[in-house]
Every structure is written in C-alpha cells, then in structure tokens.
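The values are calculated or read from the model by the stated rules, or taken from the named source; none is laboratory data. None of these values were measured; they are calculated from a predicted model. Positions of Cβ are backbone-derived with ideal geometry, glycine not excepted, and every protein chain shown enters the neighbour counts.
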Amino acid sequence: MNMTQDVWSLAAVLINSAALLLALGFRRNRAVLLLAILTTSALALSSAGPALPTSRGLEAIRMFTPWLLLIAVALPERRLLARRNLMVLGCLLLATWLTLAAPAHVWSGLRDALPLGLIAQAPGKPAAILVLLAALVCFLRGISSRLMLDWMLGVALVLTGIALLPAVQGGARNTLLALAGASALIGILHASYRMAFVDGLAGLPNRRSLDEALARISGDFALAMVDIDHFKQFNDKYGHAIGDRALRAVAARLRNLRGVRAFRYGGEEFCLLFGAGQKRNAREICENLRSEIADMRLPIRSRNSKQKSTTRALIRLTISIGLAERGARLRSPTDMLVAADKALYKAKAGGRNRVVIL
C-alpha cells in the first residue's frame, strides 16, 4: 500500500466506526448492524487492521459481507439485543474469527463451499449484486418510511457494492468504503436532528424548534396559535388512531402554507410564524386556512360503530386561530405567544371555528 491508500484505508475504518458509535448512541439498531459489518470489512482491508494471509481480507469480504448485509437490511427494526440481531452479530463474529484464525485448508474448504463458493469462484460480481440488492431493500424502505436514514444507508450499500466490483482496486476501493461510511454518518446525523427538532407524528418542527426560531427572530413578525376544535371529544368518539390521522391532516395543510413556518406546539395545538414579508397577509392566510380546514372531510368510521360496511362517514374538522402581530405593545416573542394564546382563548370562547386578532 502506498501512502494515499493507507490514508483512505484508515479513513474508511475511522468514518465507519464513528457512524457505528453514533448509531449505537441514537439506538438506530438496523444501522448498527450494517455499520458493524462495514466497519469490520473496512478493517479487513486496512493496513491498520490485523495481518492476514495474502488476499484473505478481500476474499472474506466477498464471501461473508454480502450475505450479512442482505440479512441485516431484511430484519425489522428491533432492540439491539433481540434474538435476530444477536444472530447477525454472532455470524459476524464467526466470520471474523474464521478470517483471522482458520488454517489454510479450512479456508480453502470454505471458499469451495456453497453458497460462499459462488462468490469466491466468480470474484466481485456476485458479491456486488447481493450488496446492491440489499441497497434496493433500503431504498424501498425509504420510500415507505420517508426517512433520510434509510436512503443514505442505501447509498452506503451502493458504494460498498461498487467497491466489490473486480475493476475497483486498492485505493479506489478504500475511498468508496470511506464514502459509504460518510453516507451512513450523514443519515444518522439527520435522524438525530429529526429526533431533537421534528415532531414524529405531525412531521412539523417541534416546540424546541419554535423556541430557537423565536430566539433568533428580529424585525416585524406575526404569530398565530392554531387549535383543533373539540379534539378531546373527537379522540373519545373515534379513537386515538383516527385522532392521529386528523392531526396529520391538519399538519399537512399547515406545511403547505407559503412563506409561513408551521410548528407543532403540543397536543392539538400548532403555531404559525409569519415573517416580515407575510405579516401584512397574516389575517387573510389564517382565514383561508380556517376555511380550508372547515371544508375538508376526513373519511372515518367510529370505533363504536358495529356496522361491517366498508362505507365510511365523512367527518368535518374545524380549527380556531388566535393571531398576534408585533407592535409597540407587543415586542418580545414571549409577549407574542401570550397574546396569541389569549386570542385563541377568545376564538374558542366565541364559538370556535374563527380567527381572533389581539
């Protein structure tokens, strides 16, 4: 190995290890399995890793890594010490032990065995195909979950699959493995950001995001508090699963407001932040939003309904909005929140399904 190859081989180990530690810290257990496999693979090719017989490290990666990755991505997200996860980790440890300690005749027997021998006898391509198949599973899961982590794990596996192609050698292979670790690292960092700043149910920035936005805001702005009317009774009648659907439906409308930042404040309450450019239109936007929600119909069947028919009632939702605009009397974000909350209280006391400005 020349110096450049040494640098990239070490980078591949360090980046994948860092991603593995972050995945452990944030309990992304499927990512933990994948990164444990990728880190071990990078270490097998690294000059910093254990001394192995000639070409055994690459042979081991082509023999074991594709199958382990394919099994790991197929498993559902479970606690790390779940039986299936422990089986994958046990197989990884066994593969590592065989790579390090198996005598030459045992290793030769493994290489000739099926299904491992299919890969050993046609180096590179079958291994790459299996890893790319694992990447496809990640991408399909990403379409379903809409989580960046699944997409970035898929990218990491694509890069790993390319690294196993016969035409990719030495430094290029280590570079691809380092980029694979970096892709996974980006996905995990994004997942950790979502955990801290995005509400998992509504998909909107959460209360912490609102607090930070208000701490940074300057100039003219308006702030509105939005509350779903009679939401407790709605939950009692239709159940929490339907209540969650209603929250997501309202959140989707808020997310589509142009030039307005929407946050989930808590429970059935949301907050809208209008910058200087939209402050003058805040009342009109709120009124249009109220009207749009009132016109919306949610197909729902009551959980208390004993009818077996597939037809569902169309349920109407309404919202109340309290709006506060920054002025001589209302200067600080805290004052604005209090004022918007008072306006919301007046809207609800006045019959709900209305906008009140304070």
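Just for helices (runs of 4 or more DSSP H) wholly inside the stretch 220-302: which have at least 3 residues that are within 16 Å of Asn206 (Cα to Cα) and touching a residue at least 40 places away in the same chain (Cβ under 8 Å)?
The qualifying helices (runs of 4 or more DSSP H) are 240-255.
Need pairs with beta-carbon distance below 8 Å; first residue among the charged types (D, E, K, R) and surrounded by 23 or more Cβ atoms within 10 Å (Cβ to Cβ) and within the stretch 153-178, second modelled with pLDDT under 95 and part of a helix (DSSP H, G or I); sequence gap 6+ or separate chains.
Pairs found: Arg173/Leu45; Arg173/Ala163.
Spot the failing condition for Ala172; the list is (1) of a type outside the set (Asp, Glu); (2) touching a helix residue (DSSP H, G or I) at 6+ places or on another chain (Cβ under 7 Å); (3) farther than 17 Å from Leu147 by Cβ; (4) in a helix (DSSP H, G or I), and only one is missed.
The single condition Ala172 does not satisfy is (2).
Taking into account only those residues within the stretch 329-338 that are touching a residue at least 40 places away in the same chain (Cβ under 8 Å) and aliphatic (A, V, I, L, M), which is farthest from His230 (Cα to Cα)?
The selected residue is Met336.
Report yes if Ala215 is under 28 Å from Gly275 (Cα atoms), free of Cβ contacts under 8 Å to residues at least 24 places away in the same chain and not charged (D, E, K, R), otherwise no.
no
Determine if the stretch 185-204 includes at least one residue that is of a type in the set (Lys, Arg) and farther than 30 Å from Ala23 by Cα.
For the stretch 185-204, residues of a type in the set (Lys, Arg) and farther than 30 Å from Ala23 by Cα: absent.
Yes/no matrix, rows are residues, columns are (1) under 19 Å from Gly161 (Cα atoms); (2) modelled with pLDDT of 90 or more; (3) more than 16 Å from the chain's Cα centre (by Cα); (4) part of a helix (DSSP H, G or I):
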position: Thr4; (1), (2), (3), (4): no, no, yes, yes
position: Val7; (1), (2), (3), (4): no, no, yes, yes
position: Leu14; (1), (2), (3), (4): no, yes, yes, yes
position: Leu24; (1), (2), (3), (4): no, yes, no, yes
position: Arg30; (1), (2), (3), (4): yes, yes, no, yes
position: Ile37; (1), (2), (3), (4): yes, yes, yes, yes
position: Thr40; (1), (2), (3), (4): yes, yes, yes, yes
position: Leu43; (1), (2), (3), (4): yes, no, yes, yes
position: Ser47; (1), (2), (3), (4): no, no, yes, no
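Tell me which residues, restricted to the stretch 205-229, are surrounded by fewer than 16 Cβ atoms within 10 Å (Cβ to Cβ), of a type outside the set (Ser, Thr, Tyr) and more than 23 Å from Ala23 (Cα to Cα).
Arg207, Asp211, Glu212, Ala215, Arg216, Gly219, Asp220
Within the stretch 60-88, count every residue that is among the small types (Gly, Ala, Ser), part of a helix (DSSP H, G or I) and surrounded by fewer than 21 Cβ atoms within 10 Å (Cβ to Cβ).
1
Just for the stretch 244-260: of the residues that are touching a helix residue (DSSP H, G or I) at 6+ places or on another chain (Cβ under 7 Å) and crowded, with 19+ Cβ neighbours inside 10 Å, which one is farthest from Ala313 (Cα to Cα)?
Checked the stretch 244-260; the qualifying residue farthest from Ala313 (Cα to Cα) is Val260.
Find the residue count for the stretch 235-277, including only residues that are within 16 Å of Leu214 (Cβ to Cβ) and not aliphatic (A, V, I, L, M).
10
Go through (1) closer than 23 Å to Gly161 by Cβ; (2) at pLDDT 85 or above; (3) out of contact with any Gly (no Cβ under 9 Å at 6 or more places or on another chain) one by one and return the number of the condition Arg84 breaks.
Checking Arg84 against (1) closer than 23 Å to Gly161 by Cβ; (2) at pLDDT 85 or above; (3) out of contact with any Gly (no Cβ under 9 Å at 6 or more places or on another chain), the one that fails is (1).
Looking at the stretch 263-288, which of its residues are crowded, with 23+ Cβ neighbours inside 10 Å and under 29 Å from the mean Cα position of the chain (by Cα)?
If the condition is that a residue be crowded, with 23+ Cβ neighbours inside 10 Å and under 29 Å from the mean Cα position of the chain (by Cα), then Phe263, Arg264, Phe270, Cys271, Leu272, Phe274 are the ones that fit.
Looking at the stretch 135-173 only, could you name the residues that are under 18 Å from Gly187 (Cβ atoms) and polar (S, T, N, Q)?
Listed by number, the residues that qualify are Ser144, Ser145, Thr160.
Can you confirm whether the stretch 133-143 contains a residue that is of a type in the set (Phe, Trp, Tyr), over 20 Å from Trp67 (Cα atoms) and in a helix (DSSP H, G or I)?
The answer is no, given that none of the residues of the stretch 133-143 is of a type in the set (Phe, Trp, Tyr), over 20 Å from Trp67 (Cα atoms) and in a helix (DSSP H, G or I).
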